[in-house]
Amino acid sequence: MNIPPFATRRSVAPRLQTTRGSPPTLTTTTLWWACLLAISAVLLTPLAVVDVPPLLDYPNHLARAFILSQGAADPHLARMFAPRWGVIPNLGTDILLVPLMQVLPVHVAGRVIVAIALLLPLFGAAAYSKAVFGVRSAWSLGAALVVYNQPLLLGFLNFTIATGGALLLAAHWIRWRDVRPAYAVLTAALGTVALFFCHLMGVVFFAMLAAAYEAEHRGWHARRLLASLTALAPAACLYALSPLNNADVSIGWQPWADKLGQLLVPFVNYNLPLDIFTACAISSFLAICSLTGRCHVPLRSGLAIALFALAFAVSPFAVKGTFGFDTRFIMMLGFLLFAGFLPRLPRPALRLALSLFIALFLVRMTVLTAAWAQYGQPLAELRSVMARVEPGGRVIIAYITPRDAPAYWERVRDARRLSNGLQTDSHMPALLVIERHAYWPFQFDEPTQQPLETLQPYRALAERVGGMPDSSALGTLDLSGFDYLLLLDAGGEPSLATFERFRLTLLRQENAAALFRIRPAR
């Protein structure tokens, strides 16, 4: 039996199996699992170098879970926020974090969730590959190269977890759909409910992956179609009951040049040349394998890849208040590069390819871990500045933009900025809620997405402020009702003394942040 060099199967390599009179030896399957566990350990390493991972939205999500878990018992937070549970398709981290925070310290619980978001897509890609090809593929483990991607680094944890869940559920569907149809439909229906409450895109992804598999069967009939739709019915009913169903269908598009730039999304980390090289290396490798007839792409995964590529091409950038809608499809395509292809190489080429991609993975992880470790310093500075805020204080946030301080941002080498220029520190002040029990006006509380409500008069403050202002807007900003101004990336402002004209008294200054007391208006 000929098995592709990038694949393993329990029944192959009999010389590696246990023989009578000799000690047990390592099977190919055991080696595959050992590699998966080793890769997982490397992926989790950055979580050990900083207690608050520098993921853009993550501190905001963590603060919300902290409020839901402990806010009712806190006299300050109870005046600011109240739970608002409902049928909301974006509850994954809340459902997991609230009970975890009852038994674990807040920042440990948070990193447990980040670890789940890191590993679930990798395990999902491996499971989907196994279901599609019937073998365990070493190439599927290459999905580790895109585990740290732009959505993950922007803190889209619900989406990332749902992506991994969709791959796992699709693998389950392929495995059992034709063997035990009733079981497959029932478990898929339950799975789509879980995906719905984690992130709605998880249901969409599963539907597309399952549709690609179903389309492979030419003998379609009404019964098979009905069974497939039954698996999606519970999630469809939940969507009909959710507030998102009644939200305004606002759609926004971006220029094609910007859309093409999103092709790098699965590879974005902190070093642009390295990210571009990674994207080119992977796409070139698959292209060469395909052109030389050394890459197997069955119809079930080929159709899935085509579906996601088409969805990316025709989807808008923003839908119903969700931005980066089209890039969600390109992110799944990033995982399908490893889960939907099966390269078949001769042994010398196999060894060379494995060596190069392992080296590339280790280099990328070294760069990322170093960026996270370096972020420890600005995080410590931010905390030292926020320590001056008393519980119950009201803090407005402003920041120094790369446009206003290009020289400062050129010197930034930590995780405050992704390789494509996106800043990742603007939600770190959510630590005010967790560590100072203070108020900031940018807590996520969208009724269609979060189970949290901001109470009056704090809601009025948030509505008046609107979006987070940069430092150039301070002259027109109404600061009444707030006690403090926290300025992020204060090292980019050469003279903070000039802020005195905005009724601000400097209390503490660090490179990463500065805190001002807001003086009463005369």
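Some observations on this one:
- So Tyr213, is it surrounded by 15 or more Cβ atoms within 10 Å (Cβ to Cβ), touching a Phe, Trp or Tyr at 6+ places or on another chain (Cβ under 8 Å), in a helix (DSSP H, G or I) and hydroxyl-bearing (Ser, Thr, Tyr): yes
- Being in contact with a helix residue (DSSP H, G or I) (Cβ under 7 Å, 6 or more places away or on another chain) and more than 27 Å from Pro234 (Cα to Cα) is a property that Leu118 has.
- Criterion violated by Val87 - all others in (1) in contact with a Ser or Thr (Cβ under 6 Å, 6 or more places away or on another chain); (2) buried (at least 22 other Cβ atoms within 10 Å of the Cβ) satisfied: (2)
- When Ala353, Ala349, Ala371 are checked against the criterion of being aliphatic (A, V, I, L, M), in a helix (DSSP H, G or I), more than 15 Å from Glu493 (Cβ to Cβ) and modelled with pLDDT of 95 or more, Ala371 stands alone in meeting it.
- Inter-residue pairs, beta-carbon under 7 Å, first at pLDDT below 95 and in region 456-483, second loosely packed, with under 12 Cβ neighbours inside 10 Å and outside any helix (DSSP H, G or I), 6+ apart: Arg464/Asp478; Ser480/Ala521
- Residue within region 408-420 that is of a type in the set (A, V, I, L, M) and outside any loop (DSSP other than H, G, I, E, B) present: no
- Hits in region 293-317 (condition: crowded, with 16+ Cβ neighbours inside 10 Å and within 22 Å of the chain's Cα centre (by Cα)): Ala304, Ile305, Leu307, Phe308, Ala311, Phe312, Ser315, Phe317
- Residues satisfying the stated conditions in region 255-276, i.e. touching a Phe, Trp or Tyr at 6+ places or on another chain (Cβ under 8 Å), modelled with pLDDT of 95 or more and part of a helix (DSSP H, G or I): Pro266, Asp275, Ile276
- Residues that are free of Cβ contacts under 8 Å to residues at least 12 places away in the same chain and outside any helix (DSSP H, G or I) within region 296-322 comprise just one, Thr322.
- Set side by side, the residues Leu226, Leu232 differ, and just one is exposed (fewer than 15 other Cβ atoms within 10 Å of the Cβ), assigned to a helix (DSSP H, G or I), more than 23 Å from the chain's Cα centre (by Cα) and of a type in the set (A, V, I, L, M, F, W, C), which is Leu226.
- Unmet requirement for Pro99, which otherwise passes all of (1) loosely packed, with under 14 Cβ neighbours inside 10 Å; (2) modelled with pLDDT under 95: (2)
- Scanning region 323-336 for residues that are assigned to a helix (DSSP H, G or I), of a type in the set (A, V, I, L, M, F, W, C) and farther than 19 Å from Gly124 by Cβ gives a single hit, Phe325.
- Residues in region 43-55 that are under 21 Å from Leu145 (Cβ atoms) and either within 18 Å of the chain's Cα centre (by Cα) or surrounded by 14 or more Cβ atoms within 10 Å (Cβ to Cβ) (or both): 9 in all.
- So Ser250, is it farther than 27 Å from Pro46 by Cβ, at pLDDT below 95 and among the hydroxyl-bearing types (Ser, Thr, Tyr): yes
- Residue, surrounded by the most Cβ atoms within 10 Å (Cβ to Cβ), within region 374-407, restricted to residues that are among the hydrophobic types (A, V, I, L, M, F, W, C) and assigned to a loop (DSSP other than H, G, I, E, B): Val389
- Meeting the requirement of 3 or more residues that are surrounded by 21 or more Cβ atoms within 10 Å (Cβ to Cβ), the strands (runs of 3 or more DSSP E) wholly within region 421-522 are 484-488, 513-518.
- Set Ile288, Ile251: member being without any contact (Cβ under 8 Å) to a residue 12 or more places away in the chain and surrounded by fewer than 17 Cβ atoms within 10 Å (Cβ to Cβ): Ile288
The values are calculated or read from the model by the stated rules, or taken from the named source; none is laboratory data. All figures in this text were calculated on a predicted structure; none of them were measured in a lab. Don't worry about glycine lacking a Cβ; one is built from the backbone with ideal geometry, like all the others, and counts go over all protein chains shown.
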